[in-house]
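**Q** One structure is given below, represented as structure tokens, and several questions about it will come after.
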Amino acid sequence: MKNKKKDIRALTKAQLQEFFVANGDKSFRGSQVYEWLWNKGAHSFEAMTNISKATREMLDENFVINHIRVDRMQRSSDGTIKNAVKLHDQLTVESVLIPTATRTTACVSSQVGCSLDCQFCATARLKRMRNLNPDEIYDQVVAIDNESRLYFDRPLSNIVFMGMGEPLMNYKNVMKAVEKITSPEGLGMSPKRITISTSGVPKMIKKLADDEAKIKLAVSLHAATDEVRTQIMPFNETFPLDDLRESLEYWYSKTKSRITYEYIVWKDINDTRKDAEALVRFCNYVPCKVNLIEYNPIDDGNFQQASSKATDMYQQILERNGITVTVRRSRGKDIDAACGQLANKSA
């Protein structure tokens, strides 16, 4: 009988209201329950204290709240927090809280495993088990917001979809989660504080533009020639740079929102002047900024961080061409919480 219960958070507010009316109650009861589920983050019907015991029992007979559970929390020496998040079906994803002096950022997952095959990423080595539901994405944010308040005495300020999975391969659920996160009935966060980071799925970037999403867009680029990019990100054969460029031009024409390119420089892979100049050419297509990211090893040694000389060379060439560039130092490396390291080692 238990598995026949519906996930109550899959219902809209209107559907909840209809359920109560159909069961002889007032529609406002649906609004009350909806507020408990999203705004107050209730994990059980028992917690809904302004609703009668009989109503709570009736909800319990018909529905289930498939909330996540932080199974294990690790704290880095630099303040970063990594959560191993247990889902209702006992699968695990990871999410990360990254604190700085002025902000706390949640790095959240969108899939169990990943649909893509980036050679340098630990998550990509896990097969994609399933997409996360909107409530599972939302719950990660709530958990990190609670941790931010508890450990840093301030609410969460930013969200990046840079955890496990390719968010644009779970487009519908990610956008529903963003809708809940930004809604006054949810967390009420500004969409301008949310960044979706994609490895580059042209068709879905265009859809994001067409849907007039107000979020920011980041692209994990890492190489600006098809030859090198296909070597390290084999799906580039299906979504080559010309297609990616066209989708980004379309995105900018519709949104006027500057794109961020995430870019790792590796020894003997993309650490030459020719690679840097190719990046400059790609950057000239649409207004953008570049984050040069430190590489975080995933144990096999095939990819190694380029020398600081190579990173400096990139920075100088980009700046000389009027491109905004930031060199980002990774956080949480000692707990495998840095970019590309999320692989459920704690599961």
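The values are calculated or read from the model by the stated rules, or taken from the named source; none is laboratory data. Model, not experiment: these values are computed from the prediction. We place every Cβ from the backbone using ideal geometry, glycine too, and count neighbours over all the protein chains shown. Surface accessibility is based on the protein's heavy atoms, side chains included, excluding ligands, DNA and RNA. Shrake-Rupley method; radii C 1.70, N 1.55, O 1.52, S 1.80 Å.
**Q** Take the residues of the range 87-120 that are part of a strand (DSSP E or B) and aliphatic (A, V, I, L, M): which is nearest to the chain's Cα centre (by Cα)?
**A** First, pick out the residues of the range 87-120 that are part of a strand (DSSP E or B): 92-99, 104-107, 111-112, 114.
Cutting the leftovers down to aliphatic (A, V, I, L, M) gives us 93, 96-98, 106, 112.
Numbers: VAL93: 12, VAL96: 10, LEU97: 12, ILE98: 13, ALA106: 8, VAL112: 12 Å.
Residue satisfying both the conditions and the ranking: ALA106.
**Q** Which one is least open to solvent (accessible area, probe 1.4 Å) among residues in the range 215-233 that are without any contact (Cβ under 8 Å) to a residue 24 or more places away in the chain and of a type outside the set (Ser, Thr, Tyr)?
**A** The first filter runs over the range 215-233 and keeps only residues without any contact (Cβ under 8 Å) to a residue 24 or more places away in the chain, leaving 226-227, 229-230.
Now drop any that are not of a type outside the set (Ser, Thr, Tyr), which leaves 226-227, 229.
Numbers: ASP226: 63, GLU227: 149, ARG229: 0 Å².
It comes out as ARG229.
**Q** Of the residues in the range 313-328, how many are part of a helix (DSSP H, G or I) and under 29 Å from the mean Cα position of the chain (by Cα)?
**A** Of the range 313-328, the ones part of a helix (DSSP H, G or I) are 313-320.
Checking which are under 29 Å from the mean Cα position of the chain (by Cα) leaves us with 314-315, 318-319.
Counting residues in the range 313-328 that are part of a helix (DSSP H, G or I) and under 29 Å from the mean Cα position of the chain (by Cα) gives 4.
**Q** Determine if the range 240-255 includes at least one residue that is over 24 Å from VAL327 (Cβ atoms) and either in contact with a His (Cβ under 8 Å, 6 or more places away or on another chain) or crowded, with 20+ Cβ neighbours inside 10 Å (or both). Even if it seems obvious, please write down each step before you answer.
**A** First, the residues of the range 240-255 that are over 24 Å from VAL327 (Cβ atoms): 240, 242-243, 245-247, 249-255.
With the extra rule that they be either in contact with a His (Cβ under 8 Å, 6 or more places away or on another chain) or crowded, with 20+ Cβ neighbours inside 10 Å (or both), the set shrinks to 247, 251.
For the range 240-255, residues over 24 Å from VAL327 (Cβ atoms) and either in contact with a His (Cβ under 8 Å, 6 or more places away or on another chain) or crowded, with 20+ Cβ neighbours inside 10 Å (or both): present.
**Q** If only one of THR55, THR104, THR80 is of a type in the set (Val, Ile, Thr), touching a Pro at 6+ places or on another chain (Cβ under 9 Å), open to solvent by less than 40 Å² (accessible area, probe 1.4 Å) and more than 26 Å from TRP266 (Cβ to Cβ), which one is it?
**A** Working: THR55 fails: touching a Pro at 6+ places or on another chain (Cβ under 9 Å); THR80 fails: more than 26 Å from TRP266 (Cβ to Cβ).
On inspection, the qualifying residue turns out to be THR104.
**Q** Moving to a separate point now. Taking the conditions exactly as written (open to solvent by 40 Å² or more (accessible area, probe 1.4 Å) and in contact (Cβ under 8 Å) with a residue 60 or more places away in the chain), does MET162 satisfy them or not?
**A** On the way: open to solvent by 40 Å² or more (accessible area, probe 1.4 Å): yes; in contact (Cβ under 8 Å) with a residue 60 or more places away in the chain: yes.
Against the criterion (open to solvent by 40 Å² or more (accessible area, probe 1.4 Å) and in contact (Cβ under 8 Å) with a residue 60 or more places away in the chain), MET162 qualifies.
**Q** Condition (residue is in contact with a Leu (Cβ under 6 Å, 6 or more places away or on another chain), farther than 19 Å from GLU262 by Cβ and not aromatic (Phe, Trp, Tyr)) applied to the range 205-221: is it met by at least one residue?
**A** Of the residues in the range 205-221, the ones in contact with a Leu (Cβ under 6 Å, 6 or more places away or on another chain) are none.
The answer is no; no qualifying residue exists.
**Q** Given the condition acidic (Asp, Glu), buried (at least 20 other Cβ atoms within 10 Å of the Cβ) and more than 30 Å from LYS192 (Cα to Cα), answer yes or no: does some residue in the range 274-284 qualify?
**A** The answer is yes; a qualifying residue exists.
**Q** Could you pull out the residue among MET189, MET169 that is in a helix (DSSP H, G or I) and touching a residue at least 12 places away in the same chain (Cβ under 8 Å)? Quick ask: steps written out before the conclusion?
**A** Working: MET189 fails: in a helix (DSSP H, G or I).
From the options MET189, MET169, the qualifying one is MET169.
**Q** Considering VAL280, VAL290, VAL286, VAL265, which residue is in contact (Cβ under 8 Å) with a residue 12 or more places away in the chain and within 17 Å of ASP226 (Cβ to Cβ)? Explain how you work it out, then say what you get.
**A** Working: VAL290 fails: within 17 Å of ASP226 (Cβ to Cβ); VAL286 fails: within 17 Å of ASP226 (Cβ to Cβ); VAL265 fails: within 17 Å of ASP226 (Cβ to Cβ).
Result of the check over VAL280, VAL290, VAL286, VAL265: VAL280.
**Q** Filter the range 1-45 down to the residues that are in a helix (DSSP H, G or I), polar (S, T, N, Q) and in contact with a helix residue (DSSP H, G or I) (Cβ under 6 Å, 6 or more places away or on another chain) and list them by number. Steps first, please.
**A** From the range 1-45, those in a helix (DSSP H, G or I) are 2-4, 8-10, 13-22, 28-38, 45; that's our starting set.
Now restrict to residues that are polar (S, T, N, Q): 3, 15, 17, 31-32.
Result: GLN17, single match.
**Q** Only one of ASN236, ASN170 is surrounded by 20 or more Cβ atoms within 10 Å (Cβ to Cβ) and within 13 Å of the chain's Cα centre (by Cα); which? Talk me through it step by step, then tell me what you get.
**A** Values: ASN236 fails: within 13 Å of the chain's Cα centre (by Cα).
Answer to the check: ASN170.
**Q** While we're looking at this one, here's another question. Within the range 285-306, take every residue that is assigned to a loop (DSSP other than H, G, I, E, B) and at pLDDT 90 or above and give me the one that is least open to solvent (accessible area, probe 1.4 Å). If you could, list the steps in order and put the result at the bottom.
**A** Step one: of the range 285-306, the residues assigned to a loop (DSSP other than H, G, I, E, B) are 285-287, 294-304, 306.
Those left that are additionally at pLDDT 90 or above: 285-287.
On the way: TYR285: 111, VAL286: 8, PRO287: 58 Å².
Restricting to residues being assigned to a loop (DSSP other than H, G, I, E, B) and at pLDDT 90 or above, the top hit is VAL286.
**Q** Can you report the number of residues in the range 108-125 which are open to solvent by 10 Å² or more (accessible area, probe 1.4 Å) and free of Cβ contacts under 8 Å to residues at least 60 places away in the same chain?
**A** Residues in the range 108-125 being open to solvent by 10 Å² or more (accessible area, probe 1.4 Å) and free of Cβ contacts under 8 Å to residues at least 60 places away in the same chain: 3 in total.
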